[in-house]
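Everything below concerns the one structure shown next.
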Amino acid sequence: MLEVIAAVSDVWDSDRVGLRISPLNSYNAMQDSDPVALTTALCNALSPRGLSYLHVMRADFLGKQHGDVLGPARRAFAGPLVANMGYSPDEAARAVESGVVDAIAFGTSFLANPDLPARIKANAPLNTPDQSTFYMGGAKGYTDYPTLAAAAR
Ligand SMILES: Cc1cc2nc3c(=O)[nH]c(=O)nc-3n(C[C@H](O)[C@H](O)[C@H](O)COP(=O)(O)O)c2cc1C
């Protein structure tokens with residue numbers, strides 16, 4: 001990973017390069033004996049490289065690996081820190097306000113809500129993501145969730 005970051009940063013300025021890591025995620029049989037220590041070591045190595053951001057997935061899809069990876073990432077990585085996985089808008093706002101992270105990314109709720117920022121701003125209800133359409137081909141579940149405006153029509 002560090003070699004790839006170095007190679008990419010040779011082509012673009014490193015402040016145009018971001019990295020996403022999923023240190024706890026055991027999806028596809030990915031496991032580590034000590035994911036928290038791995039996160040700390042990696043963040044120490046990444047910190048001087050001037051990346052535009054580090055994005056850390058905070059949990060495991062399969063619930064097998066546990067631990068706080070955001071705290072160690074915050075302490076070891078000096079640049080902008082983004083987190084994701086299972087945040088509601090309220091929890092996201094609290095996380096940013098507390099300074100644990102600089103930003104939260106939304107995946108499934110953005111998939112199900114094409115107007116997610118407007119909905120959050122208006123404190124409007126969110127469409128529920130339909131897991132049966134995840135990872136499928138075609139438009140269903142990707143481009144057919146209603147916006148607030150469409151739902152009101
Ligand atoms: C349809 C779909 C496709 C995804 N594809 C990828 C992918 O290619 N690479 C990846 O790292 N994560 C992928 N993810 C995981 C998301 O990036 C994100 O980590 C996950 O949905 C948890 O965040 P959330 O709770 O905000 O949805 C995918 C998720 C969904 C629902």
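The values are calculated or read from the model by the stated rules, or taken from the named source; none is laboratory data. If you're wondering where the values come from, they're calculated on a predicted model, not measured in any experiment. For neighbour counting, all protein chains shown are included, and Cβ atoms are generated from backbone atoms with ideal geometry for every residue, glycine included.
Farther than 21 Å from residue 7 by Cα and out of contact with any helix residue (DSSP H, G or I) (no Cβ under 6 Å at 6 or more places or on another chain) - does that describe any residue in the stretch 46-59? Checked the stretch 46-59: at least one residue is farther than 21 Å from residue 7 by Cα and out of contact with any helix residue (DSSP H, G or I) (no Cβ under 6 Å at 6 or more places or on another chain).
For the stretch 83-121, the candidate set comprises residues that are in a loop (DSSP other than H, G, I, E, B) and out of contact with any Leu (no Cβ under 8 Å at 6 or more places or on another chain); within that set, the residue that is farthest from residue 148 (Cα to Cα) is 99.
For the stretch 67-86, the condition of being closer than 30 Å to residue 9 by Cα, within 14 Å of the ligand (Cβ to nearest atom) and among the polar types (S, T, N, Q) holds for at least one residue. Residues in the stretch 6-27 that are surrounded by fewer than 17 Cβ atoms within 10 Å (Cβ to Cβ) and under 22 Å from residue 105 (Cα atoms): 15, 16, 18, 20, 26, 27. Tallying residues that are within 16 Å of the ligand (Cβ to nearest atom), in contact with a strand residue (DSSP E or B) (Cβ under 7 Å, 6 or more places away or on another chain) and among the β-branched types (Val, Ile, Thr) within the stretch 1-28 yields 1.
The residues in the stretch 119-137 that are within 12 Å of the ligand (Cβ to nearest atom) and not polar (S, T, N, Q) can be counted, and the count is 7. A Cβ distance below 6 Å, combined with a sequence gap of six or more or placement on separate chains, defines the contacts here; from the stretch 60-73, residues that are more than 9 Å from residue 36 (Cβ to Cβ) and in the same structural domain as residue 40 (by TED's automatic domain parsing) reach residues that are away from the ligand (no atom under 15 Å from the Cβ) and in a helix (DSSP H, G or I) in the pairs 65/35; 73/39; 73/43.
When the stretch 11-46 is filtered for residues that are in a helix (DSSP H, G or I), at pLDDT 95 or above and either outside the structural domain of residue 76 (by TED's automatic domain parsing) or over 21 Å from residue 74 (Cα atoms) (or both), only 11 remains.
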